[in-house]
Each structure stands twice: as structure tokens, then as C-alpha cells.
Amino acid sequence: MKKGLKCPHCGQEVWTYRNPFPTVDIIIEIKDQIVLIKRQNPPHGWALPGGFVDYGESLEEAACREALEETGLSIELICQFYTYSSPDRDPRFHTITTVFIARAQGTPRGGDDAALACLFPRHQIPFEELVFDHSAILADYLSWKDGQNKLFTKYRKASLPRCR
């Protein structure tokens, strides 16, 4: 969204832009479990590890940094899963997240803005307690892991073909 403002010193019109914030989320697999974090900051609840991309940082670098900060785990990125961009996916402001699938070893521990980091087997994922659109992301991920190509969440509105 573009908005024009007048410079108070020279009177010339200056353009400002209101754009979505780029973020990353990481589905970290440790054996047959997924790492989730308990958020310290609003919105409170369980979430995938992730966060904002810093200026001058690639999406991949941001994913590795956020995983390490929030879980204490060094990760191996496996693939870029999908980008979710629904304007209402984050109640604070419009974000666009690129989700990565990664592998790690060890025991996660909460750090940075994660009060806690825990491993969950797929049948114990607390879908009702997940914030943002992370329940939809994990539903898509589990569908993909099960070999289903049809993804069923409202956040995947585009009818683009699945990556194989």
C-alpha cells in the first residue's frame, strides 16, 4: 500500500509503503517427532519455531538462526515446504512466512522468546493450542508426509501444483 506524505521542510511529496513482514517458520523433525515452542510473548500458545527475517539475511539463514535461538538446535534444512501469505495469518500484522522442513539431533531447549521447546509425536500435537496459522501448516505437513497431494486448509487458496 502506497501513501504520499509532504515533507515538513521542503513540501515535496514523499512516498511511504506499508508492506507485509517476511518471516520463516521451521518444522524441525527429530526422529519421528516435531519441535514446538511455547511462546513467551503474545500471542501466547504453542508455535513452530520461527520469526522475522533480518535485513541482509536470506530466508535460509533466518530459518537456521531462529531455530538455534528458540530451540538451541543446529538444523539441517531439508526443503522449502510452502509460503503462507493470508493477511490474517498473524493477528498482530500482515506477515508472509516461508516454511522450511529441517532435521536436527539432540534435545530442544527454549531460548530467546521461546519459554519452552518440546518434542511432540504427531498424535500428541496440541492443534487447539497452536497460534497463528500453525495448525493449518502442520495439517498440510502431515498430509504431505502421508503422501497426499491434496492439501485442505483454507490458507492454501491457490491451486498451484504440489512440488514433489
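Just a few scattered comments:
- Among the numbered conditions (1) surrounded by fewer than 16 Cβ atoms within 10 Å (Cβ to Cβ); (2) over 13 Å from the mean Cα position of the chain (by Cα); (3) under 18 Å from Lys145 (Cα atoms); (4) not hydroxyl-bearing (Ser, Thr, Tyr), the only one that Phe93 does not meet is (3).
- Those residues of segment 1-37 which are of a type in the set (S, T, N, Q) and not in a strand (DSSP E or B), in sequence order: Gln12, Asn19
- Residue match in segment 56-69 (condition: in contact with a helix residue (DSSP H, G or I) (Cβ under 9 Å, 6 or more places away or on another chain) and either within 22 Å of Trp144 (Cβ to Cβ) or in a helix (DSSP H, G or I) (or both)): no
- Residue in segment 113-120 that is in a loop (DSSP other than H, G, I, E, B), hydrophobic (A, V, I, L, M, F, W, C) and either closer than 15 Å to Ile27 by Cβ or in contact with a Phe, Trp or Tyr (Cβ under 8 Å, 6 or more places away or on another chain) (or both) present: no
- Of the candidates Ile96, Ile101, the single residue that is farther than 30 Å from Tyr17 by Cα and part of a strand (DSSP E or B) is Ile101.
- Selection within segment 71-90 - among the polar types (S, T, N, Q), surrounded by 13 or more Cβ atoms within 10 Å (Cβ to Cβ) and in a loop (DSSP other than H, G, I, E, B): Ser85, Ser86
One line per residue, one yes/no per condition, for (1) at pLDDT below 95; (2) outside any loop (DSSP other than H, G, I, E, B); (3) among the acidic types (Asp, Glu):
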position	(1), (2), (3)
Arg92	yes, no, no
Gly110	no, no, no
Glu128	no, yes, yes
Phe132	no, no, no
Leu138	no, yes, no
Ser143	yes, yes, no
Gly147	yes, no, no
Thr153	yes, no, no
Lys157	yes, no, no
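- Candidate set from segment 45-65 (those that are farther than 12 Å from Pro22 by Cβ and touching a residue at least 40 places away in the same chain (Cβ under 8 Å)); member that is farthest from the chain's Cα centre (by Cα): Gly45
- Condition check for Leu68: more than 13 Å from Asp25 (Cβ to Cβ), among the aliphatic types (A, V, I, L, M) and surrounded by fewer than 17 Cβ atoms within 10 Å (Cβ to Cβ): yes
- Residue list for segment 87-116, filter: in contact with a helix residue (DSSP H, G or I) (Cβ under 9 Å, 6 or more places away or on another chain) and either under 19 Å from Val53 (Cβ atoms) or acidic (Asp, Glu) (or both): Arg89, Thr97, Thr98, Val99, Phe100, Ile101, Ala102, Gly111, Asp112, Asp113, Ala114
- Close pairs from segment 121-132: first under 15 Å from Glu29 (Cβ atoms), partner outside any strand (DSSP E or B), Cβ under 7 Å, at least 6 apart: Pro121/Asp32; Arg122/Leu142; Ile125/Leu138
The values are calculated or read from the model by the stated rules, or taken from the named source; none is laboratory data. Here the structure is a predicted model, which is why all the values come from computation and not from measurement. When we count neighbours, we look across all protein chains shown, and the Cβ atoms used for this are built from the backbone with ideal geometry, even at glycine.
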